[in-house]
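Input: a single structure, listed below in structure tokens.
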Amino acid sequence: MRNARLTSARRAAGALVWLLAAVASAVGAESDPQDFTQVERGRYLAVASDCAACHTVPGSGRPFAGGRAIETPFGNIVAPNITPDSETGIVAWSDDAFEAALRKGVRPDGARLYPAMPFNAYTRMSRSDVLAIRAYLNTLEPVRHAVVANMLPFPFNIRAAMRVWDALYFREGEYKPDPQKSPAWNRGAFLVDGPGHCGTCHTPKSFLGGDKTSQYLQGATLQGWFAPDITNDSRRGLGNWSVDDVSAYLRTGHNGATAATGPMAEEIALASSHMTDGDVRAIATYLKSLPGRQDGPPPLRADDPAMVAGQAIYRDQCSACHGLDGKGIPRLFPAIADSSAVRATDPATLIRIVLRGARSVATDAEPTSPGMPSYGWQLDDAQVAAVLTYIRNAWGSAARAVPAEDVTRARSALASRPD
């Protein structure tokens with residue numbers, strides 16, 4: 001009897017210790033799925049951070065369950081499951097572990113994350129910011145979905161090498177406002193460099209995949225597209241757009257000059273179209289403050305053989321929608337005469353759109369989603385090169401000619417891509 005009572009007492013004591021530990025853990029946790037103010041703040045930051053773009057497979061019906069391959073120059077990395085599943089998700093992570101992953105690029109096991117997860121931008125958020133995101137994620141439906149994230153070939157699959165990358169390119173620390181700038185400018189800078197991680201696409205990369213900071217937001221090639229210059233460069237960037245133009249583009253995917261396609265269409269659909277007017281305007285305010293390059297080549301002569309051939313093709317194939325003057329129809333067919341993307345350093349996006357066609361983004365504010373058909377079946381590589389050379393140098397514009405060899409390479413690369 002005495003032994004039974006002792007055993008019972010030990011069990012009761014053990015249960016009490018477990019209960020006290022659980023209570024202490026709950027009290028000490030900084031992310032609370034029952035704190036609805038924190039959850040809503042986290043939801044908004046998750047939207048601004050465009051988490052769904054990587055962690056949700058389009059059409060899967062499993063939000064944030066991972067499994068989407070992220071293409072990098074070194075191979076593919078598969079986005080992990082970030083739902084609160086007990087076996088394959090992140091519910092077991094501590095708040096410290098979650099913060100370390102987002103703001104320091106360190107996994108719970110101490111291994112380094114690859115910068116496909118933009119921790120080098122998310123470090124600009126505060127601990128409070130990222131734990132609000134965690135509180136929101138903990139309210140999601142758990143999804144049992146195991147993901148093998150590292151699909152990189154040797155030697156890039158050795159995570160220890162990321163210590164060298166971090167030493168070269170990663171600077172930890174949350175955003176510090178510039179007291180000489182306005183609140184709107186500072187909010188925009190935080191959103192661009194932090195949750196928005198705009199530099200991940202729009203800043204050129206070194207051969208190791210780190211940002212070339214001297215070319216901040218001046219455009220970069222990725223996944224067969226060219227993310228354009230988003231500085232205030234008047235020829236290749238946003239210099240000819242007003243703050244209202246930039247805001248409209250981010251909110252609706254369209255403005256009087258252009259329409260979003262490709263990866264930017266996805267960003268607008270999932271992120272910026274759901275942000276507040278104030279935040280979108282703050283982003284526009286910041287981007288318009290960035291000085292751009294003002295250099296550029298002279299325009300090609302109108303009697304250049306490529307210009308002559310390109311003009312004839314344009315009149316026959318393109319002018320019905322875009323107009324003989326290149327002005328298009330506002331919010332329906334882009335004004336390519338005014339498009340800085342047309343004059344981009346790298347014509348990859350133009351080549352891709354002509355070869356494959358494209359559909360612009362549909363948003364609540366602009367649900368029409370007009371598109372352009374593919375001309376890859378109708379025009380050969382030399383003809384595609386000629387018409388692109390023409391539109392890049394007509395109507396007072398100037399940009400380098402597009403060689404037919406560039407189109408040939410792009411056509412070959414696109415043939416192997418399912419998208």
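The values are calculated or read from the model by the stated rules, or taken from the named source; none is laboratory data. Because the structure is a prediction, the values reported are computed rather than measured. Cβ sites come from the backbone with ideal geometry, for glycine too, and all protein chains shown count toward neighbours. Just the protein is used for accessible areas: all its heavy atoms, side chains included, with ligands, DNA and RNA removed. Shrake-Rupley method; radii C 1.70, N 1.55, O 1.52, S 1.80 Å.
What to note about this one:
- Any hit, the stretch 87-98, residues being assigned by TED's automatic domain parsing to the domain that holds CYS54, in contact with a strand residue (DSSP E or B) (Cβ under 6 Å, 6 or more places away or on another chain), in a helix (DSSP H, G or I) and farther than 18 Å from PHE64 by Cβ: no
- For the stretch 1-61, the helices (runs of 4 or more DSSP H) that sit wholly inside it and include 3 or more residues that are modelled with pLDDT of 85 or more and surrounded by 10 or more Cβ atoms within 10 Å (Cβ to Cβ) are 36-48, 51-55.
- Filter result for ALA135 (in contact with a Gly (Cβ under 7 Å, 6 or more places away or on another chain) and over 20 Å from ARG68 (Cα atoms)): yes
- Residue among SER214, SER206, SER234, SER272 that alone is at pLDDT 95 or above and small (Gly, Ala, Ser): SER272
- Residues in the stretch 374-391 that are closer than 21 Å to ARG359 by Cα and not aliphatic (A, V, I, L, M) were compared, and the one that is most open to solvent (accessible area, probe 1.4 Å) is TRP377.
- Residues of the stretch 105-126 satisfying the condition of being surrounded by fewer than 17 Cβ atoms within 10 Å (Cβ to Cβ) and at pLDDT 95 or above: SER126
- Residues within the stretch 230-280 that are in a helix (DSSP H, G or I), closer than 21 Å to PRO347 by Cα and open to solvent by less than 20 Å² (accessible area, probe 1.4 Å), tallied: 1
- Top-ranked residue of the stretch 187-211 - restricted to ones that are small (Gly, Ala, Ser) and surrounded by fewer than 19 Cβ atoms within 10 Å (Cβ to Cβ), ranked as farthest from GLY292 (Cα to Cα): GLY209
- Here the stretch 392-419 is the region considered, the condition is being open to solvent by 20 Å² or more (accessible area, probe 1.4 Å) and of a type in the set (A, V, I, L, M), and the residue that is modelled with the lowest pLDDT is ALA415.
- Of the criteria (1) touching a Pro at 6+ places or on another chain (Cβ under 8 Å); (2) surrounded by fewer than 18 Cβ atoms within 10 Å (Cβ to Cβ); (3) among the charged types (D, E, K, R), which one ASP85 fails: (2)
- Restricting the stretch 55-82 to residues that are free of Cβ contacts under 8 Å to residues at least 40 places away in the same chain and closer than 24 Å to MET162 by Cα, the residue that is farthest from the chain's Cα centre (by Cα) is ARG68.
- For the stretch 103-132, taking the residues that are assigned to a loop (DSSP other than H, G, I, E, B) and without any contact (Cβ under 8 Å) to a residue 12 or more places away in the chain, the one that is nearest to GLY66 (Cα to Cα) is identified as ARG107.
- The one condition in (1) at negative phi; (2) out of contact with any helix residue (DSSP H, G or I) (no Cβ under 7 Å at 6 or more places or on another chain) that PHE170 fails to fulfil: (2)
- In the stretch 212-221, the residues that are out of contact with any Leu (no Cβ under 8 Å at 6 or more places or on another chain) and open to solvent by less than 40 Å² (accessible area, probe 1.4 Å): GLN218, GLY219, ALA220
- The lone exception for CYS318 - which of (1) open to solvent by 40 Å² or more (accessible area, probe 1.4 Å); (2) within 23 Å of ALA348 (Cβ to Cβ) it fails: (1)
- Some residue of the stretch 173-186 being touching a strand residue (DSSP E or B) at 6+ places or on another chain (Cβ under 7 Å), of a type in the set (D, E, K, R) and either surrounded by 13 or more Cβ atoms within 10 Å (Cβ to Cβ) or under 21 Å from VAL78 (Cα atoms) (or both): no
- Evaluating ALA79 against the criteria (1) touching a strand residue (DSSP E or B) at 6+ places or on another chain (Cβ under 9 Å); (2) open to solvent by 60 Å² or more (accessible area, probe 1.4 Å) leaves one unmet condition, (2).
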